[in-house]
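Structure record follows, encoded as C-alpha cells.
The values are calculated or read from the model by the stated rules, or taken from the named source; none is laboratory data. Quick caveat: nothing in here was measured; it's all calculated off a predicted structure. For neighbour counting, all protein chains shown are included, and Cβ atoms are generated from backbone atoms with ideal geometry for every residue, glycine included. In case anyone asks, the SASA skips ligands and DNA or RNA and just uses the protein heavy atoms, side chains included. Shrake-Rupley method; radii C 1.70, N 1.55, O 1.52, S 1.80 Å.
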Amino acid sequence: GTASLARLSNLSTRARVTADNPLLTGFAISGTGERTVLIRAVGPGLAGFGVAGALAAPLLRIFDASGNSFVENNGWAAAPALTQAAAVSGAFPLASGSADAAMLLTLPPGAYTVVTSGFGNTTGTALVEVYEVP
C-alpha cells in the first residue's frame, strides 16, 4: 500500500499586540523542497468572532533564521491568489478590503519568525496563522 505522511497544516497564535510587545510566531520547514505557505495576521476579521479590541491594522514582517527581514505586508487587498490559498487551506475568509494582513510565500527549508505589530503603533488583539498550502 501507499504510506501517507502526516503533516501539520496550520498553526495559530492569538495575543494582545502593543508597540512594545509584538506577537512573535515561529515555524520551520523541513525536508529538501520548498513549501508554499499562507501567513495571515487577522485583526479586523476577529470582530465577526466576538473578539473585542481587535488590532485595527496588523503589520506582518517575516524573518529568516539569520534575523533578516525579507518581506512585510500591512494589507491583503482582496488578492485572488490569497483568497484561493485560504479556501484550499481551510482558512476562514477575510472580508474584501479589510485591513487584515496576508501573504503567500514559497520558502526553502529553514526556520522563520513572523513578527506582528500594529501599523502606526496601533494596539489590540491579533491572530497570526500559518497554513501550508496543498
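Would you mention how many residues in the range 98-117 are open to solvent by less than 10 Å² (accessible area, probe 1.4 Å) and closer than 15 Å to residue 54 by Cβ?
Final tally of qualifying residues: 3.
Is there any pair linking a residue in the range 25-40 that is within 20 Å of residue 100 (Cα to Cα) and touching a residue at least 12 places away in the same chain (Cβ under 8 Å) to one that is surrounded by 10 or more Cβ atoms within 10 Å (Cβ to Cβ) and charged (D, E, K, R), with Cβ under 7 Å and at least six apart or on different chains, and which?
37/132; 40/100; 40/129
Please work out if residue 37 is of a type in the set (Val, Ile, Thr), under 14 Å from the mean Cα position of the chain (by Cα) and surrounded by 18 or more Cβ atoms within 10 Å (Cβ to Cβ).
It is true that residue 37 is of a type in the set (Val, Ile, Thr), under 14 Å from the mean Cα position of the chain (by Cα) and surrounded by 18 or more Cβ atoms within 10 Å (Cβ to Cβ).
With (1) assigned to a loop (DSSP other than H, G, I, E, B); (2) touching a residue at least 40 places away in the same chain (Cβ under 8 Å); (3) over 11 Å from the mean Cα position of the chain (by Cα) as the list, and residue 96 as the residue in question, which single condition is left unmet?
In the conditions (1) assigned to a loop (DSSP other than H, G, I, E, B); (2) touching a residue at least 40 places away in the same chain (Cβ under 8 Å); (3) over 11 Å from the mean Cα position of the chain (by Cα), residue 96 misses (2) alone.
Residues checked against (1) modelled with pLDDT of 95 or more; (2) touching an Asp or Glu at 6+ places or on another chain (Cβ under 6 Å):
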residue	(1), (2)
65	yes, no
68	yes, no
75	no, no
78	no, no
86	yes, no
90	no, no
103	yes, no
108	yes, yes
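Collect the residues in the range 87-102 that are over 13 Å from residue 42 (Cα atoms) and touching a strand residue (DSSP E or B) at 6+ places or on another chain (Cβ under 6 Å), keeping them in residue-number order.
89
Please go through the range 4-34 and pick out each residue that is closer than 13 Å to residue 116 by Cα and either exposed (fewer than 11 other Cβ atoms within 10 Å of the Cβ) or acidic (Asp, Glu) (or both).
20
Only one of these conditions is not met by residue 106: (1) within 13 Å of the chain's Cα centre (by Cα); (2) part of a strand (DSSP E or B); (3) not charged (D, E, K, R). Which number is it?
The one condition residue 106 does not meet is (1).
Please go through the range 46-90 and pick out each residue that is under 25 Å from residue 121 (Cβ atoms), of a type in the set (Gly, Ala, Ser), open to solvent by less than 30 Å² (accessible area, probe 1.4 Å) and without any contact (Cβ under 8 Å) to a residue 60 or more places away in the chain.
75, the sole residue that qualifies.
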